[in-house]
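Worksheet: the structure to be examined is printed underneath.
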Amino acid sequence: MLRVRQHFERPVVRDVAAEVHTQLRRLNLHERVHPGQSVAITAGSRGIANIAQIIKAAVEHFRELGAAPFIVPAMGSHGGGTAEGQRRIIEEYGITEEFVGAPIRATMETVIVDTTEQGIPVHFDRFAFEADHVLVCGRVKPHTGFVGEIESGLHKMMLIGLGKHEGAKIYHRAIQEYSFLEIIRAVADVVMRRCGVVAGLAIVENAYDETALIEAVPPAEFFAREKELLRLARRWMPRLPFRYADVLIVDQIGKNISGTGMDTNVIGRKYNDHAATERDEVCCKRIVVRSLTRETHGNACGLGLAEFTTERCARQVDIVATRINCVTGGHPTGGAIPITFPNDREAIVAALQTIGLTPPDRARVMHITDTLHLSELLISEAYMPEVQRRDDLEVIREPQPMQFDERGDLLPVLPEWISSPEH
């Protein structure tokens, strides 16, 4: 395996707090938000870079207007589908009452505010519904399961995040009969009319898991602007350096990395759990997952996309949290446990036995930390001819044998695993 570094486009926001203030001031919110009024600010379950600083700056902006902001965990069924679990998730991201300067109000109780033309009841977090205003804060990026003009972002936060467990269940069931875009437009129309959305705070990240853009969006422009931001997010997102792999080894997966534990836009398998389709840009014949992130709290949603894992990883799985999330999301196979082995060496050997006639020493193998951190990775010698033709790839360590510890576990790509959104 040789160590390579990828060079991606790298726009970055240098002063996150200042940019939040600048963006929110553009909307002249003082014309709508009056002293003493309450403002619910959403906080999701993804590991968004600088999220605690972004939320803190938003709180400060509304306090400057004389308003009373508070934080609402907005993450569908995550956190085991409990208010306590959801509060714990955002606190571990640094969004604590002490740091952001605002109370956290967590509940799984929703209000049915109306019904869409398709007959879908629209659920909305009770605390957010009772607030005078709602600031929808979320990252815009390609969704791991749906394709369209709108995928994951402000709209999804209004549907799934603020819909809590009950809303998420209904919307994911409705997706079996209606398109994702139809549901988004219908539910968003109700939310905009009935739920006091005063603005959106859209975040786009670059391929280095850094804040690339922060933009305050007025409610009337949510749809048009999110479409444009999605195109930027797709252009800036990290990707594997090669389209094909016989074996992809992933150090860690988790909900803080992606909704499916590992991003299907990166590994392929967006349309089929275990094979690339003609619509996928990447084809990984076999995937080995080594572990879960600490931040995922045992939620192993997405582990079922891999064919191989370790007994260590299987022991990390919280069956209840995984079951709740996968059933709610309509993706039960995502929670399946792959074939397990005592250690990484045995799992990798087994994977290499299932790739066809290609001998192991000629196998195309990529070893990554996770699907968020792809600037540095290990690749097998079989890729060397392609590497030599690429000016966006830098070899930073010549080929060496795979390195295992005394237990037979593979050493991670990075000296210390990246398991914190604050990296």
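Criterion first (modelled with pLDDT under 95, under 30 Å from R362 (Cβ atoms), small (G, A, S) and out of contact with any helix residue (DSSP H, G or I) (no Cβ under 8 Å at 6 or more places or on another chain)) does A276 satisfy it? Considered against the rule, which asks whether it is modelled with pLDDT under 95, under 30 Å from R362 (Cβ atoms), small (G, A, S) and out of contact with any helix residue (DSSP H, G or I) (no Cβ under 8 Å at 6 or more places or on another chain), A276 comes out as yes.
I'd like to verify a number: residues in region 398-415 that are part of a loop (DSSP other than H, G, I, E, B) and touching a residue at least 40 places away in the same chain (Cβ under 8 Å), how many? Can you show your working first?
In the first step, residues of region 398-415 are kept if they are part of a loop (DSSP other than H, G, I, E, B); the result is 398-403, 405-409, 411-415.
Among the residues that remain, those that are also touching a residue at least 40 places away in the same chain (Cβ under 8 Å) are: 398-402, 407-409, 412-414.
Of the residues in that region, 11 qualify.
Residues checked against (1) farther than 27 Å from Y171 by Cα; (2) within 18 Å of the chain's Cα centre (by Cα):
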{"position": "E31", "(1), (2)": "yes, no"}
{"position": "S45", "(1), (2)": "no, yes"}
{"position": "N50", "(1), (2)": "yes, yes"}
{"position": "A58", "(1), (2)": "yes, no"}
{"position": "A83", "(1), (2)": "no, no"}
{"position": "A106", "(1), (2)": "no, no"}
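Among the residues examined, A224 qualifies as assigned by TED's automatic domain parsing to the domain that holds A168 and free of Cβ contacts under 8 Å to residues at least 60 places away in the same chain. Can you tell which of R5, R10, R46, R14 is of a type in the set (K, R) and under 29 Å from E130 (Cβ atoms)? Testing whether each residue is of a type in the set (K, R) and under 29 Å from E130 (Cβ atoms) leaves just R46.
Which ones in region 382-413 are under 25 Å from N343 (Cα atoms) and over 30 Å from the mean Cα position of the chain (by Cα)? It would help to see each step written out before you state the result.
Step one: of region 382-413, the residues under 25 Å from N343 (Cα atoms) are 382, 399-413.
Once the filter is applied, which keeps residues that are under 25 Å from N343 (Cα atoms) and over 30 Å from the mean Cα position of the chain (by Cα), region 382-413 yields A382, P399, Q400, P401, D405, E406, R407, G408.
Could you check, for region 158-167, whether at least one of its residues is in contact with a strand residue (DSSP E or B) (Cβ under 7 Å, 6 or more places away or on another chain), farther than 27 Å from M262 by Cβ, touching a residue at least 24 places away in the same chain (Cβ under 8 Å) and outside any helix (DSSP H, G or I)? No; the residues of region 158-167 include none that is in contact with a strand residue (DSSP E or B) (Cβ under 7 Å, 6 or more places away or on another chain), farther than 27 Å from M262 by Cβ, touching a residue at least 24 places away in the same chain (Cβ under 8 Å) and outside any helix (DSSP H, G or I).
Yes/no per residue for (1) surrounded by fewer than 22 Cβ atoms within 10 Å (Cβ to Cβ); (2) under 27 Å from Q252 (Cβ atoms); (3) among the acidic types (D, E); (4) more than 23 Å from the chain's Cα centre (by Cα):
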residue	(1), (2), (3), (4)
A67	no, no, no, yes
R87	yes, yes, no, no
I90	no, yes, no, no
F124	no, no, no, no
F146	yes, yes, no, no
E149	yes, no, yes, no
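Evaluate the following for I324: is it surrounded by 15 or more Cβ atoms within 10 Å (Cβ to Cβ), within 23 Å of the chain's Cα centre (by Cα), more than 23 Å from S380 (Cα to Cα) and among the β-branched types (V, I, T)? Yes.
The selection criterion, being among the aliphatic types (A, V, I, L, M), in the same structural domain as G302 (by TED's automatic domain parsing) and farther than 26 Å from L303 by Cβ, holds for A382. Scanning region 227-272 for residues that are surrounded by 21 or more Cβ atoms within 10 Å (Cβ to Cβ), among the hydroxyl-bearing types (S, T, Y) and either in contact with a Cys (Cβ under 6 Å, 6 or more places away or on another chain) or closer than 21 Å to Q6 by Cβ (or both) gives S258, T264. Would you confirm whether any residue within region 380-387 is buried (at least 20 other Cβ atoms within 10 Å of the Cβ), closer than 30 Å to G163 by Cα and in contact with a strand residue (DSSP E or B) (Cβ under 8 Å, 6 or more places away or on another chain)? No - not one qualifying residue is present in region 380-387.
Being in contact (Cβ under 8 Å) with a residue 24 or more places away in the chain, among the hydrophobic types (A, V, I, L, M, F, W, C) and surrounded by 21 or more Cβ atoms within 10 Å (Cβ to Cβ) narrows it down to one residue among I183, I175; which is it? Explain how you work it out, then say what you get.
Working: I175 fails: surrounded by 21 or more Cβ atoms within 10 Å (Cβ to Cβ).
Answer to the check: I183.
Would you call A382 touching an Asp or Glu at 6+ places or on another chain (Cβ under 7 Å) and closer than 29 Å to H7 by Cβ? Walk me through how you get there before you give the answer.
Values: touching an Asp or Glu at 6+ places or on another chain (Cβ under 7 Å): no; closer than 29 Å to H7 by Cβ: yes.
Here the answer is no, as A382 does not meet what is asked.
If the condition is being without any contact (Cβ under 8 Å) to a residue 40 or more places away in the chain, closer than 22 Å to V16 by Cα and small (G, A, S), then region 69-98 contributes no residue at all. Per the listing A207, A224, A188, the residue uniquely surrounded by fewer than 22 Cβ atoms within 10 Å (Cβ to Cβ), among the aliphatic types (A, V, I, L, M) and assigned to a helix (DSSP H, G or I) is A224. Among the residues of region 119-136, none qualifies, meaning not one is under 30 Å from M262 (Cα atoms), part of a loop (DSSP other than H, G, I, E, B) and of a type in the set (D, E). Of the residues contained in region 366-383, none is found to be part of a strand (DSSP E or B) and more than 22 Å from N265 (Cβ to Cβ). Residues of region 27-47 include none that is surrounded by fewer than 21 Cβ atoms within 10 Å (Cβ to Cβ), under 30 Å from C301 (Cβ atoms) and at pLDDT 95 or above.
Of the residues making up region 293-336, those that are among the acidic types (D, E), within 12 Å of K255 (Cβ to Cβ) and either part of a helix (DSSP H, G or I) or in contact with an Asp or Glu (Cβ under 9 Å, 6 or more places away or on another chain) (or both) number 1.
The values are calculated or read from the model by the stated rules, or taken from the named source; none is laboratory data. Just so it is clear, the model here is predicted, and its values are computed rather than measured. Note that each Cβ is placed from the backbone with ideal geometry, even for glycine, and that neighbours are counted across all protein chains shown.
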